[in-house]
1. Would you please name the residue that is nearest to the chain's Cα centre (by Cα), looking only at residues in region 59-81 that are loosely packed, with under 13 Cβ neighbours inside 10 Å and without any contact (Cβ under 8 Å) to a residue 60 or more places away in the chain?
2. Kindly indicate whether residue 364 is touching a residue at least 24 places away in the same chain (Cβ under 8 Å), within 30 Å of residue 214 (Cβ to Cβ) and under 13 Å from the mean Cα position of the chain (by Cα).
3. Report the residue count in region 227-261 for those that are farther than 22 Å from residue 198 by Cβ and within 20 Å of the chain's Cα centre (by Cα).
4. Does residue 243 fit the bill of being without any contact (Cβ under 8 Å) to a residue 24 or more places away in the chain and part of a helix (DSSP H, G or I)?
5. Working carefully through the options 61, 94, 78, find the one that is in contact with a strand residue (DSSP E or B) (Cβ under 9 Å, 6 or more places away or on another chain), within 30 Å of residue 264 (Cβ to Cβ) and part of a helix (DSSP H, G or I).
6. Which members of region 26-56 meet the condition of being surrounded by 10 or more Cβ atoms within 10 Å (Cβ to Cβ), farther than 30 Å from residue 322 by Cβ and without any contact (Cβ under 8 Å) to a residue 40 or more places away in the chain?
7. What number of residues within region 124-141 satisfy the criterion of being closer than 17 Å to residue 153 by Cβ and crowded, with 18+ Cβ neighbours inside 10 Å?
8. Please pick out the residue among 362, 369, 328 that is surrounded by fewer than 20 Cβ atoms within 10 Å (Cβ to Cβ), more than 21 Å from residue 274 (Cα to Cα) and in contact with a helix residue (DSSP H, G or I) (Cβ under 8 Å, 6 or more places away or on another chain).
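The values are calculated or read from the model by the stated rules, or taken from the named source; none is laboratory data. Everything numeric in this text was worked out from a predicted model, so none of it was measured. Note: ideal-geometry Cβ built from the backbone for every residue, glycine included; neighbour counts use all protein chains shown.
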């Protein structure tokens, strides 16, 4: 029996040789080099410029039934906090429609006779409704308004009514809608569901097809009597079942463990889940068509996950991001998935109310599925 002698002496020359060899290997893998350079740069830009946990200039529907001085002062002072961007609306119906749809974060209602009652010392009421699904977004804004409200009218009231830090010039009634207790899980669970599904399904699909191409399994499919459509449907069906099973588990945990209500239709919710699952699988198929090996498939998938998580409204409020980040986020499936799941579970969206976010998701699904099928045909060829 021959025992190979192990060389325990470290050779600087041999080490340099191995380093040079690895550098040459990396130079040939242009995708890996691109990922190494672009990923940290992309992360830096997103984290530095796009992520904002304290959003300002939140769109606010203004129902002002009092056109006199005190109501104008309130609107000006509220906007001066930097958190509110007042948008006058004509009717309560229009305000509620925009509020439920998510176009505005707050509804401010100033009743008729607000100024007159205040000057009489009658302590009028002023109503603010806030979308509290994301407690951080509304919490900072409401806290700032409550502080300013203590003294915003002190310079405009008659002399005998001016009292420093007076809190009862008017009654500020705040309704935190859709999440009155400010439970963080109401906001995070839809994003967690979407990120788990995308991470699992995209990686599984991309790595599975790339691995089969590397070990020659796809060549066996080419000589079989199966058609291309039969092959791809057969491959993605198990992943569809896995995705729906994962989503069901998360939904059950959300309802039973975190007491998240399910206000809308279960059928609509699973319709959205099914579309999103197919979309994620198509992205994975597309990546497998571009990647030459499993390492590249993993790198490309990771590069997709970064903007998907950061710019979809999951990590920070979508409304607080700059315009360029919103433009990128509007092209990401997770953005619409989060809105739809929140709308169905927390706001009780009907089929009609889903359309503004469902149609873009379906459009993205058609495009990505088409690209994925074309990519898979190239893989078979």
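1. 76
2. no
3. The qualifying residues number 1.
4. Spelling it out, it is not the case that residue 243 is without any contact (Cβ under 8 Å) to a residue 24 or more places away in the chain and part of a helix (DSSP H, G or I).
5. Answer to the check: 94.
6. Across region 26-56, the qualifying residues are 26, 27, 30.
7. Residues in region 124-141 being closer than 17 Å to residue 153 by Cβ and crowded, with 18+ Cβ neighbours inside 10 Å: 3 in total.
8. Within the list 362, 369, 328, the selection yields 328.
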